[in-house]
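To start, the structure under review is shown below, and the notes come after it.
Here, each number is a calculation from the coordinates, and none is a lab measurement. Note that this is a predicted model, so its numbers are computed, not measured. No Cβ is skipped: glycine too gets one built from the backbone with ideal geometry, and neighbour counts run over all protein chains shown.
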């Protein structure tokens, strides 16, 4: 690890890290001494082998579109022996009948099942917002989008404490101490602790907040150019839902809750916006993507395909795998049944039957994503050479 503050020698760095690890070890011991919650009496395996006839709407889907999305996954999957053959055949151009036959010949459908044996789960949506912006601050564009700060430390402790896999310690050096990184309230304060780290400037603080929730966005600059930005890092503070806060305070009902309603509340209450946003201390930093990128990369590093990519929990679904989804469109009960591809993950996407549906870029995609909170079922398609689901 390299410290970002000048004048801190290797011995001092080692001492700081040692102190942090000592504290974490103590916390680990204390947690291990706490009583564990009782395990389910009869937990089920996460996957159940079914037939193609069990997939509702399977024959009505556009399998050519699904095949195109799967080809993108093959940039990574072709390196794995179990997926190599299907990825080679996937490169061939076929019609709708051939695309459906491809999936049925090379894969078997496994239904995702919850620990209690149920098969329904939560399906939400996400998108890439459009924001008008500038490379310079002004009265029209006063709110900065920050890059990853130079002084932000991100420490992965997996090699030292395997039981902490997936957790990172984020902070900054103050003298010889590692302290928590700046919170949202501190970052947006008049002190401007991140001055000089700005990428772009935008005009709407609520849209900027949604950009941080979505993790990527498209900035439409004054000169007509467009720049895609994507997640680079986070400040290490926990996320707190402002939507939940507005519900608790009676600003809107649960039936009214959506990103669009939150944005409208912000326009109607401009003096209260920053105070509300500050109650979520989490803050996301961004990086600009190369020119010509039209959709952001997911967790696989592959550009997402609108309405064909989903975010999943990789503990239960291998990234890159086709996943058949049966749910409904947000705002009505019209069936939404199509073959997706698991190409992304998310901090809130946890569980066996859980997915985040990528709607695409812009306001229309946002209108669907902002309202999507549906019940749904999922089937992961695995190569026939994979015979047993993971426990």
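If you run the Gaussian network model on the chain, springs between alpha carbon atoms under 10 Å, then out of 249, 308, 71 the most flexible one is 249.
When the Cα gyration tensor is reduced to axis lengths a ≥ b ≥ c, the ratio a/c is 1.5 or higher for segment 132-289, and with a/b not above b/c it is classed as oblate. By other beta-carbon atoms within 10 Å, ranking 201, 83 with the fewest at the front produces 201, 83.
Which shape class applies to segment 196-326: rounded if a/c is under 1.5, otherwise prolate when a/b exceeds b/c and oblate if not, where a ≥ b ≥ c are the square roots of the Cα gyration tensor eigenvalues?
Because a/c hits 1.5 or more and a/b fails to exceed b/c, segment 196-326 counts as oblate.
In the elastic network of the chain, a GNM with C-alpha springs shorter than 10 Å, the most mobile of 101, 299, 90 is 101.
Stretched out straight at 0.36 nm per residue, the stretch from residue 226 to residue 191 would grow longer than its current Cα-Cα span by 9.6 nm. On the basis of the beta-carbon distance and an R0 of 45 Å, residue 255 and residue 89 show a calculated FRET efficiency of 0.45.
In the elastic network of the chain, a GNM with C-alpha springs shorter than 10 Å, the most mobile of 190, 283, 146 is 190. Relative to the longest principal axis of the Cα atoms of the chain, the long axis of helix 259-268 makes an angle of roughly 30 degrees. In degrees, nearest 10, range 0 to 90: what is the angle between the Cα axis of helix 10-33 and the longest Cα principal axis of the chain? Orientation of helix 10-33: about 60 degrees from the principal axis. Under the simplified labelling scheme, the residue 174-residue 140 pair shows an inter-label distance of 3.9 nm, with each label point 7 Å from Cα along Cα→Cβ.
Normalised by the number of residues in segment 43-121, what is the relative contact order in percent for Cα pairs under 8 Å and 6+ residues apart? Can you show the working numbers first?
Values: 66 pairs, mean separation 42.6, N = 79.
Relative contact order of segment 43-121: 54 percent.
Between residue 373 and residue 115, 0.36 nm times their residue separation minus their Cα-Cα distance comes to what?
90.8 nm
Of all DSSP beta bridges confined to segment 232-391, the antiparallel ones make up roughly 85%. With the simple spin-label model, which puts each label point 7 Å out from Cα in the Cβ direction, the residue 101 to residue 271 separation comes to 7.0 nm. This ranking places 63, 195, 237 by how few other beta-carbon atoms lie within 10 Å of each, fewest first, which gives 195, 237, 63.
Look at 239, 127, 143 and count the other Cβ atoms within 10 Å of each Cβ; fewest to most, that gives 239, 143, 127. Relative to the longest principal axis of the Cα atoms of the chain, the long axis of helix 81-90 makes an angle of roughly 70 degrees. Computed from the C-beta positions of residue 79 and residue 161 and an R0 of 25 Å, the FRET efficiency is 0.30 to the nearest 0.05.
Based on Cα contacts under 8 Å between residues 6+ apart, the chain shows a relative contact order of 25 percent.
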